[in-house]
Each structure stands twice: as C-alpha cells, then as structure tokens.
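Read through the structure below, which is laid out as structure tokens, and then see the notes.
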Amino acid sequence: QVQLVESGGGLVQPGGSLRLSCAASGIIFSIYTMAWYRQAPGKQRELVATITNGGNTNYADSVKGRFTISRDNAKNTVYLQMYTLKPEDTAVYYCNGYYRLNNYWGQGTQVTVSS
C-alpha cells in the first residue's frame, strides 16, 4: 500500500518560515520524481517545486528564491523549506510522487500565512 504523508503545515506570520515533510512508504522512493503542489481556495492546484531522482530541481516563478525542495532517500522523505512566506502562499500543500505510469498523492497539509 502506497502512502505519502505530509506534515509541518500550520499558521505562520508573513515573513516567517516553515518546513514541510512528506514521508513515503510502499514505493521505491529513490527512483521517483517528487513534487510539491498547492491549492488555494477557489483556485486550481498548481505545481510549486519538483526534484528528480537525480536531484535536479525546478520551481514555480512565484516561489523561486524563497522555497527549497530537497530529498533524503535514506529516509524516504521529501522536504519543502519555505522562507519569507507571504499571505498568497496560503494553501493546502500536497506531496506528489511519480514514476512512469505511477502517480501518487498525499492527503495535504494546510499552510496559512496571516498576521
């Protein structure tokens, strides 16, 4: 049974930081491309960042320079370090893993940026 379990969300003030984690089980984690998506109320889900099995990263323009995606294959975990958070970063953040035809999602974790 495949599971992606996100953690680390919460309420943070503008300018603050959070680190999200996504622990994977039931997959050969090291071969998967991992990604973080987010969905704000009334908006479509959007891609935030990806990291390939080789460690190559890519970011949405809106988070470049503020967010960092990383992975620890020994722990089957992908991270999203978020700095200088803005109210517009408020969303449910989802972990995603894909390899060929296999595509899996976590349940999401809420991030709220507000004073």
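Brief remarks follow.
- Residue under evaluation I27, criteria (1) surrounded by 15 or more Cβ atoms within 10 Å (Cβ to Cβ); (2) part of a loop (DSSP other than H, G, I, E, B); (3) within 15 Å of the chain's Cα centre (by Cα), criterion not met: (3)
- Selection count, the stretch 66-91, where residues are open to solvent by 60 Å² or more (accessible area, probe 1.4 Å), in contact (Cβ under 8 Å) with a residue 60 or more places away in the chain and touching a Leu at 6+ places or on another chain (Cβ under 8 Å): 0
- Number of residues in the stretch 7-50 that are over 19 Å from W105 (Cβ atoms) and free of Cβ contacts under 8 Å to residues at least 40 places away in the same chain: the value is 1.
- Just one residue in the set Y37, Y94 is assigned to a strand (DSSP E or B), of a type in the set (F, W, Y), at pLDDT 95 or above and open to solvent by 40 Å² or more (accessible area, probe 1.4 Å); that residue is Y37.
- Some residue of the stretch 40-48 being touching a Ser or Thr at 6+ places or on another chain (Cβ under 8 Å), part of a strand (DSSP E or B) and open to solvent by 50 Å² or more (accessible area, probe 1.4 Å): no
- A60 within 20 Å of N102 (Cα to Cα), among the small types (G, A, S) and open to solvent by less than 70 Å² (accessible area, probe 1.4 Å): no
- Selection status of L47, within 10 Å of the chain's Cα centre (by Cα) and under 28 Å from S114 (Cα atoms): yes
The values are calculated or read from the model by the stated rules, or taken from the named source; none is laboratory data. Just so it is clear, the structure is predicted and the values come from calculations on it, not from any experiment. Methodologically, a virtual Cβ is constructed for each residue, glycine included, from the backbone with ideal geometry; neighbour enumeration extends over all protein chains shown. Side chains are part of the model used for accessible areas, which takes the heavy atoms of the whole protein and leaves out ligands, DNA and RNA. Shrake-Rupley method; radii C 1.70, N 1.55, O 1.52, S 1.80 Å.
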